[in-house]
Amino acid sequence: MARARVENEELGRARLSDGTIARIVPSGFTSGHELDVDGTPQSHVDLDDPTHLHFEYVARMGAVIDRMRMPGQPLTAVHLGAGALTLPRYIEATRPGSRQQVVELEQSLVDLVREHLPLPRSASVRVRIGDARAGLARLPAGLVGAVDLLISDVYAGAQTPAHLTTVEFYREAARLLAPDGVLLVNVADGSGLAFARRQVATVREVLPHVIVLAEVQVLKGRRFGNLVVAASPAPLPVEWLPRLLSAGPHPAKVAQGAEIDEFVRSARPATDGDATPSPKPTAGLFDR
């Protein structure tokens, strides 16, 4: 009954290239709206308050972004995966003047979001249509070695495509980063965290300094959820940790140093020859 009520109140919908339906619907839990793709909530946006980051893993990404450079200083950012443009809005609100590039596969999704959840007119956000990995090579040459923040949060339905999880992919992404730039990756996994462990090993093969942020039970592999991998060519400042621990609505854990060694264990980095998509969420995880 609740699902039917939300569907009747939707702002709009669009059919994506794989046949799935993207919808903009009122949030069932808080103010604002959600982008729902084939029953999976992809993004939350509050037009009245773009600093409101409702999804837990997005709040953790926001906490990392807040610690970068001086407060309010503009950033050069690249987003792989548009969703409802939640983090580009957040960066524009908290760091006006930032230059942002977004790579998104689905033109119809971008059109849907622009129509019903428009960006502020002042936002310097360029959206490019195409595959995230192919799009890296088509970004302006001036971004190579100059990107402060690169976010990889790409999902086809509820899974990250395999070609966006490999050493080769992360090498292509890392070439854009400034010497102290930060890569943020949203990794979804469940019991045992086999995929997440392999992803951390893969990222660390390319960028030596890695931390992992997640709700405690997720990081222990006790339930399906999202882990945020933050990585950089340069050491990540230890003074970030108190703020990162406090971000999000649930008790957090930040794994670093020897904890990352233990988390990875004997996991092998994924390559283009053996990579797999991220695991599907457990049945009913996103039921309203």
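Tabulated data
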quantity	calculated
Helix-only CD estimate at 222 nm, as mean residue ellipticity for the chain, using -39500 (n - 2.57) per DSSP H run (n ≥ 4)	-8000 deg cm²/dmol
Antiparallel content of DSSP bridges confined to the stretch 2-264, in %, to 5	60
Extended-chain gain in nm, criterion 0.36 nm per residue less alpha-carbon gap, GLU115 and GLU262	48.3 nm
Cα-based shape type of the stretch 167-249, given that a ≥ b ≥ c are square roots of the gyration tensor eigenvalues and the cut on a/c is 1.5	oblate
Magnitude of the charge dipole, the chain, Cβ model with Lys/Arg +1 and Asp/Glu -1, debye to 20	320
The chain: most fluctuating residue of GLY181, GLY221, GLY257 per GNM, C-alpha cutoff 10 Å	GLY257
Percent RCO, i.e. relative contact order, over the stretch 2-264, from Cα pairs under 8 Å lying at least 6 residues apart	15
Additional length obtainable on full extension of the chain from ASP274 to SER31, 0.36 nm per residue less Cα span	83.3 nm
Shape of the stretch 2-264, Cα gyration tensor, a/c cut at 1.5	rounded
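Each value in this text was obtained by applying a stated rule to the coordinates, not by laboratory testing. Worth saying up front: this structure is predicted, and the values here are computed from it rather than measured. Note: ideal-geometry Cβ built from the backbone for every residue, glycine included; neighbour counts use all protein chains shown.
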